[in-house]
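These notes are about the structure you will find just below.
The values are calculated or read from the model by the stated rules, or taken from the named source; none is laboratory data. These numbers were taken from a predicted model, which means no experiment stands behind them. So basically every Cβ, Gly included, is an ideal-geometry build from the backbone, and we count neighbours across all protein chains shown.
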Amino acid sequence: MGRVTERRRVIRIRDGRASVRPDTLVAEEPLEIRLNGKPLAITMRTPGDDFALAAGFLVSEGVLASADDLSNIVYCAGAMVDGSNTYNVVDVVTAPGVQLPDITLERNVYTTSSCGLCGKASLDAVRTTARHPIDDTLGGTREPLCLEPELLAELPERLRAAQRVFDRTGGLHAAALFTADGELLDIREDVGRHNAVDKLVGRALQSGSLPLSRSVLLVSGRASFELAQKAVMAGIPVLAAVSAPSSLAVDLAAESGLTLVGFLRGSSMNVYAGEQRMALGASAAQG
C-alpha cells in the first residue's frame with residue numbers, strides 16, 4: 001500500500017544561505033471508489049484507511065446507513081497493466097436488498113481536496129437522502145447536548161496535539177470526533193479535509209456506531225457545504241471549524257438542525273446555527 005509520507009529533495013534557504021536537504025511531504029494519490037463493481041468516484045487522498053474513506057463517502061451519498069448495509073470492501077487486483085496492485089482502487093459491495101439512491105448511479109464523480117457542491121439542489125439532495133435525522137437525545141439519554149464555550153475552545157489544541165503526520169509534514173488536514181465532555185473519540189488526517197471526515201464516518205459505520213448523535217465534529221480548516229453535508233448524513237449534531245463556514249453550509253445547518261461553529265480560535269468563536277446547544281448567557285441569547 002502507499003505510504004502516508006514521501007521524501008523529496010528540496011533547496012532550503014535560510015538567512016540568504018542555500019542548502020540541499022531531504023524533506024518529508026504528505027503523500028497524495030488517487031483513489032477510485034467502485035460500487036458493486038461499477039466506477040463511481042475518484043478522490044485525491046492520503047493513502048491509509050481507504051476502506052473507511054470509501055464507506056464514509058457512501059454514507060454521505062446516502063448509500064450506506066449502517067454496517068448491515070455493507071457486505072464487503074476489497075482492493076481491486078490487477079490495477080496496473082502488468083497485473084500489479086496499486087492499492088488505489090477499492091470496490092464497495094452492498095448487502096443484498098440495499099436500495100441505491102439515484103444520485104449515486106453512473107455519476108463518475110471526480111472529487112478534489114477542496115471540492116464542494118452548491119445550490120438549492122444540493123440542499124434538496126441532503127434532505128431527501130438523509131438517513132439519520134439529527135437527534136442528540138439519542139444514545140441512552142433524553143437530555144439534549146449542551147456545550148460550554150470554554151470546553152469547545154479547548155478542542156482545537158487537543159486536535160493539534162493528536163496530529164501525528166502533521167508534525168512531520170505540516171501539510172495535512174485533520175478531523176476529529178469528541179464527546180460533549182471533550183473526550184477525543186477518533187482522529188483522522190488527510191490531504192483533503194473531506195477525506196478525513198469520510199474516514200471518521202466510515203470507521204464509525206464499520207464499528208456500528210452510526211448515528212453519531214452525541215458527538216462533536218471538529219475540522220482543522222473551513223466548514224464547506226460538503227463537510228456540513230457529511231455531518232448531517234452521519235447524524236452528527238455539532239460541526240466546529242477553526243476557519244470560516246460557507247453561506248451554503250450555514251443554510252444547510254439552519255435547515256437540518258446542525259449546530260455550526262466557525263472561527264474557533266483561542267477563546268473566541270462564531271455560532272452560525274443551532275445555538276440552542278450552546279450554554280450561552282442570557283444577554284447573548286437576547287442579543
Got at least one residue in segment 69-84 being crowded, with 20+ Cβ neighbours inside 10 Å, at pLDDT below 95 and part of a strand (DSSP E or B)? no
What are the residues in segment 9-42 that are of a type outside the set (A, V, I, L, M), touching a Pro at 6+ places or on another chain (Cβ under 7 Å) and touching a residue at least 24 places away in the same chain (Cβ under 8 Å), if any? Glu29, Glu32
Sort out which residues of segment 140-153 are in a loop (DSSP other than H, G, I, E, B) and crowded, with 17+ Cβ neighbours inside 10 Å, and write them in order of number. Leu145
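Can you say whether Ala285 is modelled with pLDDT under 90 and more than 17 Å from the chain's Cα centre (by Cα), as far as the supplied structure shows?
Values: modelled with pLDDT under 90: yes; more than 17 Å from the chain's Cα centre (by Cα): yes.
So Ala285 fits the description; yes.
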Against the definition (modelled with pLDDT of 90 or more and more than 29 Å from Leu25 (Cβ to Cβ)), how does Pro96 come out, yes or no? yes
Hey, Val197 at pLDDT 95 or above and either touching a Phe, Trp or Tyr at 6+ places or on another chain (Cβ under 9 Å) or at positive phi (or both) or not: no
How many residues does segment 237-248 hold that are aliphatic (A, V, I, L, M), touching a helix residue (DSSP H, G or I) at 6+ places or on another chain (Cβ under 6 Å) and over 14 Å from Leu217 (Cα atoms)? 1
Selection within segment 206-252 - under 10 Å from the mean Cα position of the chain (by Cα) and of a type in the set (Ser, Thr, Tyr): none
Among the residues listed as Ala249, Ala244, the single one being more than 21 Å from Val92 (Cβ to Cβ) and surrounded by fewer than 24 Cβ atoms within 10 Å (Cβ to Cβ): Ala244
